[in-house]
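The values are calculated or read from the model by the stated rules, or taken from the named source; none is laboratory data. Because the structure is a prediction, the values reported are computed rather than measured. Methodologically, a virtual Cβ is constructed for each residue, glycine included, from the backbone with ideal geometry; neighbour enumeration extends over all protein chains shown. For the accessible areas, the whole protein counts, side chains as well, though only heavy atoms, and no ligand, DNA or RNA atoms are used. Shrake-Rupley method; radii C 1.70, N 1.55, O 1.52, S 1.80 Å.
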Amino acid sequence: QVQLVESGGGLVQAGGSLRLSCAASGRPFSSYTMGWFRQAPGKEREFVGAIRWSSVTNYADSVTGRFTISRDNAKNTVYLQMNSLKPEDTAVYYCAAKRGPTIATMRYQYDYWGQGTQVTVSS
């Protein structure tokens, strides 16, 4: 069993930055592929990006070049650095974990989820 707790959300102006953190319990954290998803009001939850144990990453086109995912296996934590934020990035952001080394972009492929953290970008 893995428990995930996100933090770092908040209100930021367009063009600003935020860094989200996701702390994981359970071992071995390093064997899990970690993903970030987001869900805006009235929309489906969508893939943002993911990172393998080896730190290989994959991103949605909408955030490529602006968002960066990293992980610290010693701290059981994954991060989402968000730069050049836009109002359309406003959403609840969720951290997720899946067993195994492959990158996954679909919600059903993930085994564990955090409770989410709100990110609001004002124009």
(request) Within region 87-123, count every residue that is closer than 19 Å to E44 by Cβ and not in a strand (DSSP E or B). (result) 14
(message) For the structure I just gave you, tell me whether Y59 is open to solvent by less than 40 Å² (accessible area, probe 1.4 Å) and of a type outside the set (G, A, S).
(response) no
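In this structure, is G26 in a loop (DSSP other than H, G, I, E, B) and surrounded by fewer than 13 Cβ atoms within 10 Å (Cβ to Cβ)?
Working: in a loop (DSSP other than H, G, I, E, B): yes; surrounded by fewer than 13 Cβ atoms within 10 Å (Cβ to Cβ): no.
Spelling it out, it is not the case that G26 is in a loop (DSSP other than H, G, I, E, B) and surrounded by fewer than 13 Cβ atoms within 10 Å (Cβ to Cβ).
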(request) Take region 25-50 and flag every residue that is in contact (Cβ under 8 Å) with a residue 40 or more places away in the chain and in contact with a Ser or Thr (Cβ under 7 Å, 6 or more places away or on another chain). (result) T33, A40, F47, A50
(request) Would you check which residues across region 36-47 are in a loop (DSSP other than H, G, I, E, B), within 15 Å of T117 (Cβ to Cβ) and of a type in the set (D, E, K, R) and list them? (result) R45
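Select from region 84-105 the residues that are more than 19 Å from W53 (Cβ to Cβ) and open to solvent by 60 Å² or more (accessible area, probe 1.4 Å) and list them in ascending order. Lay out the reasoning, then the answer.
So in region 84-105, the residues more than 19 Å from W53 (Cβ to Cβ) come out as 84-94.
Across region 84-105, the qualifying residues are S84, K86, E88.
Kindly establish whether T33 is of a type in the set (V, I, T), assigned to a strand (DSSP E or B) and either open to solvent by less than 20 Å² (accessible area, probe 1.4 Å) or under 14 Å from Y112 (Cβ atoms) (or both). It would help to see each step written out before you state the result.
On the way: of a type in the set (V, I, T): yes; assigned to a strand (DSSP E or B): yes; either open to solvent by less than 20 Å² (accessible area, probe 1.4 Å) or under 14 Å from Y112 (Cβ atoms) (or both): yes.
So T33 fits the description; yes.
Among the listed residues Q39, Q13, Q1, which satisfies the condition of being open to solvent by 30 Å² or more (accessible area, probe 1.4 Å), within 19 Å of Q109 (Cα to Cα) and either at pLDDT 95 or above or among the acidic types (D, E) (or both)?
Details: Q13 fails: within 19 Å of Q109 (Cα to Cα); Q1 fails: either at pLDDT 95 or above or among the acidic types (D, E) (or both).
Matching residue, one of Q39, Q13, Q1: Q39.
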(request) Six or more apart or on different chains, Cβ under 6 Å: which pairs go from a residue in region 53-82 that's of a type in the set (K, R) to one that's open to solvent by 30 Å² or more (accessible area, probe 1.4 Å)? Could you list them? (result) R66/N83; R66/S84
(message) Just the residues that are under 15 Å from A104 (Cβ atoms) and not in a loop (DSSP other than H, G, I, E, B), please, taken from region 48-86.
(response) V48, G49, A50, I51, T57, N58, Y59, I69, V78
(request) Pick out the one residue from T120, T102, T68 that is more than 21 Å from V12 (Cβ to Cβ) and among the polar types (S, T, N, Q). (result) T102
